[in-house]
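Step one of this worksheet: look at the structure below.
We did not get these values from a lab; they are worked out from the coordinates using the rules stated. Given the structure is predicted, the values throughout are model-derived calculations rather than measurements. When we count neighbours, we look across all protein chains shown, and the Cβ atoms used for this are built from the backbone with ideal geometry, even at glycine.
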Amino acid sequence: MATVHDMNVDVDQIMKHPVMTAMPHQTAGHVRQVMIEHRISAMPVVNTDGEPVGMVTAADLLVDRPDGSPISGFMSTPVYSVPRYEGPHIAARIMRNHHIHHVVVTEGKTAVGILSAYDLLQLVEDHRFTVKQGPTPPKKSKGRS
């Protein structure tokens with residue numbers, strides 16, 4: 001993780017990796033146990049090629065689901081992702097626009113990490129970003145109509 005203040009930061013530098021993933025056939029009980037053991041609150045669901053196909057969060061498991069029910073029946077789709085070398089502002093925009101708390105970080109089509117809203121808040125708290133000034137508005141000339 002980058003620690004220098006006022007630098008440009010890529011998602012790659014703040015994502016959690018390696019990412020714990022699940023497969024659609026795995027069960028609610030299995031995923032619940034993995035989340036508890038690893039103290040995580042979200043897991044991308046991937047296909048056999050490692051491509052994200054859904055997301056399961058701790059909130060999904062709060063509902064009374066039988067331990068044996070496959071996560072494919074309740075995982076969130078579509079899954080939202082961001083390339084690993086993209087800026088964090090892109091991840092923040094995706095989260096805000098879709099009202100979600102996690103995005104999968106990808107390299108090509110493969111899940112390589114996960115980024116949460118808390119990771120973005122940590123970035124802001126640590127001031128590890130560069131604020132870019134917006135364009136200066138043109139000055140209105142006096143006396144012209």
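Please give the contour-minus-distance gain from Val63 to Leu121: 0.36 nm per residue of separation, less the Cα-Cα distance, rounded to one decimal in nm. It would help to have the intermediate numbers written out before the result.
Details: separation 58, 0.36 × 58 = 20.88 nm, distance 2.76 nm.
Here the segment from Val63 to Leu121 would lengthen by 18.1 nm.
For Val112, list long-range residues whose amide hydrogen, built 1.01 Å from N in the peptide plane, is under 5 Å from its own amide hydrogen.
Val105, Thr106, Glu107
Separation between the Arg39 and Thr77 pseudo-spin-labels, each 7 Å from Cα along Cα→Cβ, expressed in nm?
About 3.4 nm separates the two model spin labels.
Skipping prolines and chain starts, which residues have an amide H placed within reach, meaning under 5 Å, of the one on Gly54, given they are 5 or more residues away or on another chain?
Val45
Determine ³J(HN,Hα), in whole Hz, for all residues of region 11-19 in sequence, where each value follows from phi through the Karplus function 6.51 cos²θ - 1.76 cosθ + 1.60 and θ = phi - 60°; x replaces Gly and Pro.
Karplus values, whole Hz, x for Gly and Pro: 3, 3, 7, 10, 6, 8, 7, x, 8.
Using +1 at the C-beta of Lys and Arg and -1 at the C-beta of Asp and Glu, which of Ile90, Ser116, Val53 has the Cα lying farthest in the positive direction of the dipole of region 53-123?
Ile90
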